[in-house]
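Trainee: Input: one structure, supplied below.
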């Protein structure tokens, strides 16, 4: 009886040693999967296959995983690059089936491969699979897909595109005023009138849908109301930050968010010959950085604390854009602070004044 119990225990221990690593290269029509199974610390043969990037392809993918005895739990790690839209179905599949998933930065993965000659989708999936195996202990799991944030992000992006169209039309018409006669200008403005009204109506519809989402989700509304108390931060900047951080599900720090937004200066020096000074890196979320730039300008205009800080630094000889960047950094740190403390921002500067 004791021997039988030990055999069962040993069998369970052997099973716990199996780890599965999935490297997935995603494109619009299909995704390539490489599977590496490690049993008792011994790597098995690497398997590669391709599936269509749709619901039917995901069904076949799930069937293939079962055929290869891949457990749908925390013993399986799935790694893929952030493709914007194309990886959403796989993200949802992994979230539904409790598979640990890491959606990483494509450039970071590419640099980790070292000097690599040649590439295609199959080779990329193999490299991502090896990356998952080597860095498994360091990779942070991506939170489960929240459809609410996908809707919000799509609405915000659509609103931005519509605003760009509206401003583009207005700019074009204003430029024509310089050379056209009044009759021609009137015809052109009349022809664009319907388009402008349609775009404005679409923007209003999207903003109404965004307002509905905020009210219906208690957690989003709570953090949103906290973030907009920070000086300079408006409605859509707050919502975009919530989308980027998945409502701060990963407990991101202020420095990490500032680095992601591209407002943290990094040193560039080597020995005594290279003295590049401190500069922000071009690798950043450009949309978030643009929103924060508008926040910094607003804060200088309407908040005495930031106006005084800007004037003081300019008087010290600092570059204006560097000072604006410092203000963006301050705004990000304050946003994270109010969310972590779950308390609205307190303007101590105004109180002291």
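The values are calculated or read from the model by the stated rules, or taken from the named source; none is laboratory data. Keep in mind that this is a model prediction, so the values were computed, not measured. Heads up, the Cβs are rebuilt from the backbone with ideal geometry, glycines too, and the neighbour counts pull from every protein chain shown.
Trainee: Do the conditions hold for residue 52, that is, is it farther than 20 Å from residue 102 by Cα and touching a strand residue (DSSP E or B) at 6+ places or on another chain (Cβ under 8 Å)?
Mentor: yes
Trainee: How many residues does segment 134-164 hold that are farther than 30 Å from residue 95 by Cα and buried (at least 16 other Cβ atoms within 10 Å of the Cβ)?
Mentor: Looking only at that region, the number is 1.
Trainee: Taking segment 246-281 only, how many residues are out of contact with any strand residue (DSSP E or B) (no Cβ under 8 Å at 6 or more places or on another chain), surrounded by fewer than 13 Cβ atoms within 10 Å (Cβ to Cβ) and at pLDDT below 80?
Mentor: So the count comes out to 4.
Trainee: Quickly run through segment 75-88 and pick out the residues that are buried (at least 18 other Cβ atoms within 10 Å of the Cβ) and either in a helix (DSSP H, G or I) or more than 19 Å from the chain's Cα centre (by Cα) (or both).
Mentor: Correct list: 76, 77.
Trainee: Output the residues belonging to segment 131-160 that are touching a strand residue (DSSP E or B) at 6+ places or on another chain (Cβ under 6 Å) and assigned to a helix (DSSP H, G or I).
Mentor: Once the filter is applied, which keeps residues that are touching a strand residue (DSSP E or B) at 6+ places or on another chain (Cβ under 6 Å) and assigned to a helix (DSSP H, G or I), segment 131-160 yields 132, 133.
Trainee: Would it be correct to say that residue 63 is surrounded by fewer than 13 Cβ atoms within 10 Å (Cβ to Cβ) and either modelled with pLDDT of 90 or more or outside the structural domain of residue 28 (by TED's automatic domain parsing) (or both)?
Mentor: So residue 63 passes the test.
Trainee: Among the candidates 187, 128, single out the residue that is assigned to a helix (DSSP H, G or I), assigned by TED's automatic domain parsing to the domain that holds residue 66 and over 14 Å from the mean Cα position of the chain (by Cα).
Mentor: The unique qualifying residue is 128.
Trainee: If you don't mind, there's one more thing I want to ask. For segment 316-334, does any single residue satisfy the condition of being surrounded by 13 or more Cβ atoms within 10 Å (Cβ to Cβ), more than 15 Å from the chain's Cα centre (by Cα) and not in a helix (DSSP H, G or I)?
Mentor: Yes - at least one qualifying residue is present in segment 316-334.
Trainee: May I pose another question? How do the pairs read when you match residues in segment 132-148 that are on the phi < 0 side of the Ramachandran plot with residues anywhere that are exposed (fewer than 15 other Cβ atoms within 10 Å of the Cβ) and modelled with pLDDT of 85 or more, using Cβ under 9 Å and keeping only pairs 6 or more apart or on different chains?
Mentor: 133/43; 144/96; 144/98; 145/96; 148/216
Trainee: With the requirement that a residue be more than 22 Å from residue 18 (Cβ to Cβ) and either surrounded by 19 or more Cβ atoms within 10 Å (Cβ to Cβ) or touching a helix residue (DSSP H, G or I) at 6+ places or on another chain (Cβ under 6 Å) (or both), what does segment 91-111 give you?
Mentor: 91, 103, 104, 109
Trainee: Inspect all residues belonging to segment 94-103 and state whether any of them is closer than 16 Å to residue 24 by Cα, in a helix (DSSP H, G or I), outside the structural domain of residue 243 (by TED's automatic domain parsing) and without any contact (Cβ under 8 Å) to a residue 12 or more places away in the chain.
Mentor: no
Trainee: Hey, another quick one. So, in segment 335-351, of the ones that are at pLDDT below 90 and exposed (fewer than 14 other Cβ atoms within 10 Å of the Cβ), which residue ends up nearest to residue 234 (Cα to Cα)?
Mentor: Applying the filter and picking the extreme gives 346.
Trainee: Any idea which residue in segment 206-237 is surrounded by the fewest Cβ atoms within 10 Å (Cβ to Cβ), counting only those that are within 19 Å of the chain's Cα centre (by Cα) and without any contact (Cβ under 8 Å) to a residue 24 or more places away in the chain?
Mentor: 235
Trainee: If I filter segment 51-73 for residues that are touching a residue at least 24 places away in the same chain (Cβ under 8 Å), assigned to a strand (DSSP E or B) and touching a helix residue (DSSP H, G or I) at 6+ places or on another chain (Cβ under 7 Å), do I get at least one hit?
Mentor: No, because not a single residue in segment 51-73 is touching a residue at least 24 places away in the same chain (Cβ under 8 Å), assigned to a strand (DSSP E or B) and touching a helix residue (DSSP H, G or I) at 6+ places or on another chain (Cβ under 7 Å).
Trainee: Something else: Just need a number here: residues in segment 286-304 that are in contact with a helix residue (DSSP H, G or I) (Cβ under 6 Å, 6 or more places away or on another chain) and either closer than 16 Å to residue 227 by Cα or modelled with pLDDT under 90 (or both).
Mentor: Residues flagged as in contact with a helix residue (DSSP H, G or I) (Cβ under 6 Å, 6 or more places away or on another chain) and either closer than 16 Å to residue 227 by Cα or modelled with pLDDT under 90 (or both) within segment 286-304 amount to 6.
Trainee: While we're on this one: If you take the residues of segment 25-43 that are part of a loop (DSSP other than H, G, I, E, B) and modelled with pLDDT of 90 or more, which of them is surrounded by the most Cβ atoms within 10 Å (Cβ to Cβ)?
Mentor: 27
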